[in-house]
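Asks: Structure below; questions to follow.
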């Protein structure tokens, strides 16, 4: 069970380097920053906001708890202490941990597509909204009734692949008011910052960045190219006038594929054209445009979309390119939706704070999700335990239940108890 212990140890190591908000000499029994961060991380990793309370009761009865044996926490802090100590910590301090989870997941073979490339989907989402609670990092908007609304959002990034159920989240970029900026921050600006900060470090994976129509513009494409990546971006005709005018009256190349699944016939029609200018300017970047249209046996169109890319397009690979372009929806369905509705409670206000608390807690939540995916891909004991419980939610229900009553020596013993009901817990 080295993988999980290694990832938890890495969280503790990064936590020890965080600035301590306390001033003056500390008592010998003072909480360590590692205890604070690991306590918050354990909440998200176990999927239970009451995990620390259960462990305090276990500690009272047995003199120790799973916080100590599984997470290496010396002393269990209160929820209020956790919030107080983390408010002001820099969220970006945890970014290197996402790369560690990426490396821990193994060779990333399930995510490899398009001649051994990886697909990274980018998209933004909100995680907090209130008309009363706010902080300096909040964005704001005016509602129709005249009221002011405050909210938090971030740009997410996830490794995705068509036909693969797992996604692997990467470090987020928060959409917050920027120093010296007159306009409010937005997804595009956050995407450019994310690519500048993380793109060069991921270039060795030969990434192909996926995004919706908002990102199919020259500044984002230039940022992707500068970071060493390629792109497949949704390109709607209604919002890309230059591309539409360039294609008007021209017959693009075409390729058709017919598939029969469960007795139903589907026809996929692919069209493409190379060297299309992305905008009406002398310095416009030339892209390759392609579209996909599917029709049922009666000839009725059931799906249609178009994309731009810098990858070569031909009859041999256009179907794969379209499947990869459509995989960008996985960041919505299998990242954000899971984080909000699949037990991670992303939109729950675990603590807003006055500085960075809300952002730090989101990072730890994302990190727990990434660690779960890495464990499922790179740790046989974890995968076997999940398979034994069938549904994912039952595995985490079981995990929370038994750790509320039993102290385990390590992760091997815990996962063995879940996998094989014949194993008796200590």
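Asks: When you check residue 64 against the structure, is it over 24 Å from residue 21 (Cβ atoms) and assigned to a loop (DSSP other than H, G, I, E, B), yes or no?
Replies: It is true that residue 64 is over 24 Å from residue 21 (Cβ atoms) and assigned to a loop (DSSP other than H, G, I, E, B).
Asks: Go through region 293-329 and give me each residue that's out of contact with any helix residue (DSSP H, G or I) (no Cβ under 9 Å at 6 or more places or on another chain) and in a strand (DSSP E or B).
Replies: 293, 294, 295, 301, 302, 304
Asks: Determine if region 151-163 includes at least one residue that is under 19 Å from residue 187 (Cβ atoms) and exposed (fewer than 13 other Cβ atoms within 10 Å of the Cβ).
Replies: no
Asks: Here's something else I'd like to know. Could you go through region 297-306 and let me know if any residue there is touching a residue at least 40 places away in the same chain (Cβ under 8 Å) and either touching a strand residue (DSSP E or B) at 6+ places or on another chain (Cβ under 9 Å) or more than 19 Å from residue 174 (Cβ to Cβ) (or both).
Replies: The answer is yes, given that some residue of region 297-306 is touching a residue at least 40 places away in the same chain (Cβ under 8 Å) and either touching a strand residue (DSSP E or B) at 6+ places or on another chain (Cβ under 9 Å) or more than 19 Å from residue 174 (Cβ to Cβ) (or both).
Asks: Condition test on residue 137, is it assigned to a loop (DSSP other than H, G, I, E, B) and either within 17 Å of residue 208 (Cβ to Cβ) or touching a strand residue (DSSP E or B) at 6+ places or on another chain (Cβ under 8 Å) (or both)?
Replies: yes
Asks: Given the condition out of contact with any helix residue (DSSP H, G or I) (no Cβ under 9 Å at 6 or more places or on another chain), assigned to a helix (DSSP H, G or I) and either within 28 Å of residue 413 (Cα to Cα) or not assigned by TED's automatic domain parsing to the domain that holds residue 170 (or both), answer yes or no: does some residue in region 85-105 qualify?
Replies: no
Asks: Now a separate question. Read through the list (1) in contact with a helix residue (DSSP H, G or I) (Cβ under 8 Å, 6 or more places away or on another chain); (2) more than 17 Å from residue 43 (Cα to Cα); (3) outside the structural domain of residue 68 (by TED's automatic domain parsing), then give the number of the only condition that residue 370 fails.
Replies: Result: residue 370 fails condition (2) only.
Asks: Moving to a separate point now. Can you find, within region 333-355, the residue that is surrounded by the most Cβ atoms within 10 Å (Cβ to Cβ) among those that are modelled with pLDDT of 95 or more and either touching a strand residue (DSSP E or B) at 6+ places or on another chain (Cβ under 7 Å) or within 14 Å of residue 138 (Cα to Cα) (or both)?
Replies: 335
Asks: Note down all Cβ pairs under 7 Å where the first residue falls in region 235-263 and is without any contact (Cβ under 8 Å) to a residue 60 or more places away in the chain, the second is outside any loop (DSSP other than H, G, I, E, B) and loosely packed, with under 13 Cβ neighbours inside 10 Å, and they're at least six residues apart or on different chains.
Replies: Cβ pairs passing all conditions: 258/265.
Asks: Count, please, the residues in region 295-308 that happen to be under 16 Å from residue 327 (Cα atoms) and crowded, with 17+ Cβ neighbours inside 10 Å.
Replies: Looking only at that region, the number is 3.
Asks: Just to check your reading of the model, which residue among 370, 319 is within 28 Å of residue 116 (Cβ to Cβ) and surrounded by 20 or more Cβ atoms within 10 Å (Cβ to Cβ)?
Replies: So the residue among 370, 319 that is within 28 Å of residue 116 (Cβ to Cβ) and surrounded by 20 or more Cβ atoms within 10 Å (Cβ to Cβ) is 370.
Asks: Also: Working only within region 38-77, note down all residues that are touching a helix residue (DSSP H, G or I) at 6+ places or on another chain (Cβ under 9 Å), free of Cβ contacts under 8 Å to residues at least 12 places away in the same chain and either surrounded by 15 or more Cβ atoms within 10 Å (Cβ to Cβ) or more than 24 Å from residue 394 (Cβ to Cβ) (or both).
Replies: 68
Asks: If you don't mind, there's one more thing I want to ask. Restricting the search to region 95-127, which residues are closer than 16 Å to residue 351 by Cα and surrounded by fewer than 21 Cβ atoms within 10 Å (Cβ to Cβ)?
Replies: Across region 95-127, the qualifying residue is only 126.
The values are calculated or read from the model by the stated rules, or taken from the named source; none is laboratory data. In this text, all values refer to a predicted model and were calculated from it rather than measured experimentally. Glycine also receives a Cβ, built like all others from the backbone with ideal geometry; neighbour counts cover every protein chain displayed.
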